[in-house]
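Engineer: Structure in structure tokens, see below.
Values quoted throughout were computed directly from the atomic coordinates according to the rules given, and no laboratory measurement underlies them. The model shown is predicted, which means the values in this text are computed figures rather than measured ones. Here the Cβ positions follow ideal geometry from the backbone for every residue, glycine too, while neighbour counts run over all protein chains shown.
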Amino acid sequence: MSVQIKSRYTLEEYFELERASEERYEYFNGEAFCMSGVSPSHAQIETNLITALNTKLRDRGCRVFPANLRVKVPAAPPYRYPDVVVLCDLPVYEKIGGIETLTNPTLIVEVLSPSTEAYDRGDKFSYYKSISGFQEYLLVAQHRPHVTQFVKQTDAFWRQTEVNDLDGSLHLPSVDCTLDLNEIYRDIEFNQP
């Protein structure tokens, strides 16, 4: 279906765009940002993360969702599309603009792109912190082996850890499992310096 793209949207117009389009859009301050179309490396890393997390968590009642699941973000309404979401509780959905939206993710993962890295590290992370029950955030580079992990300690403090060795691993306390970087970066070729 063909969709006319405008420069400014009301929230109601944005919801209509979301329902009518096969693309995914995030809404902020009257603007709609297309979230579709990623690099092959980005797509492979997402697939690797989903595969590894599903394998480790399948018998523990956790669910792993891909990038097309909407997540309600109270500080930046109405919702966002994280690259990977993990939920280890009963899912709670809210209909926003007629669209089911998850309200209680445990772990959110963003695969960094040059055009979104600053936003993912800064404002987007700040907005995600407004989600009740959100416990852990992973930022995964695609141009080199590097994962930044933020684990909630208190509402005001998140512990940061960085791992940048393909032989390294990260323990994810929010879901009580360990991810090896060689799992995350399987089939990814990095440019040599």
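Engineer: Could you give the distance between the Cα centres of the stretch 126-157 and the stretch 14-48, to the whole Å?
Structural biologist: So the two Cα centres are separated by 20 Å.
Engineer: Report the charge-dipole magnitude of the stretch 24-178 in Debye, nearest 20, computed about the Cα centre from +1 at each Lys and Arg Cβ and -1 at each Asp and Glu Cβ.
Structural biologist: Taking the Cα centre of the stretch 24-178 as origin, the dipole is about 280 debye.
Engineer: How many nm is it between the label spots at Ala118 and Ser21, if each spot is 7 Å from the Cα in line with the beta carbon?
Structural biologist: 2.3 nm
Engineer: Rounded to the nearest 0.05, what FRET efficiency is calculated for Leu11 and Ala156 with R0 set to 22 Å and r the Cβ-Cβ distance?
Structural biologist: Calculated transfer efficiency: 0.15.
Engineer: What's the ranking of 110-120, 71-81 by average number of surrounding C-beta atoms within 10 Å, highest first?
Structural biologist: 71-81, 110-120
Engineer: Let me ask something else. Students often forget the sequence filter, so: which aspartates and glutamates lie under 20 Å Cα-Cα from Lys95 once same-chain residues fewer than 8 apart are removed?
Structural biologist: Once the sequence-local aspartates and glutamates are set aside, what remains near Lys95 is Glu12, Glu13, Glu16, Glu18, Glu22, Glu23, Glu26.
Engineer: Taking the mean number of other Cβ atoms within 10 Å as a proxy for protection, how do you rank 161-171, 144-154, 45-55 from highest to lowest?
Structural biologist: 45-55, 144-154, 161-171
Engineer: List the relative contact order of the chain as a percent without decimals, with contacts defined as Cα pairs under 8 Å and 6+ residues apart.
Structural biologist: Here the relative contact order equals 16 percent.
Engineer: Separation between the Arg60 and Ser126 pseudo-spin-labels, each 7 Å from Cα along Cα→Cβ, expressed in nm?
Structural biologist: If labels sit at Arg60 and Ser126, their model points lie 3.2 nm apart.
Engineer: So how tilted is helix 11-20 from the main axis of the chain? Cα-based, degrees 0 to 90, rounded to 10.
Structural biologist: Tilt of helix 11-20: around 70 degrees.
Engineer: List the lysines whose Cα lies under 29 Å from the Cα of Lys56, skipping any in the same chain that are fewer than 8 positions away.
Structural biologist: Straight-line reach from Lys56, under 29 Å: Lys72, Lys124, Lys129, Lys152.
Engineer: Here is a follow-up. How long are the semi-axes of the equivalent ellipsoid of the chain, defined as square roots of 5 times the Cα gyration tensor eigenvalues? Whole Å, largest first.
Structural biologist: Each semi-axis is the square root of five times an eigenvalue, giving 27, 20, 16 Å.
Engineer: Do any cysteines in the chain lack another Cys Cβ under 4.7 Å, and if so which?
Structural biologist: When partners are defined as cysteine Cβ atoms under 4.7 Å apart, the chain leaves Cys34, Cys177 without one.
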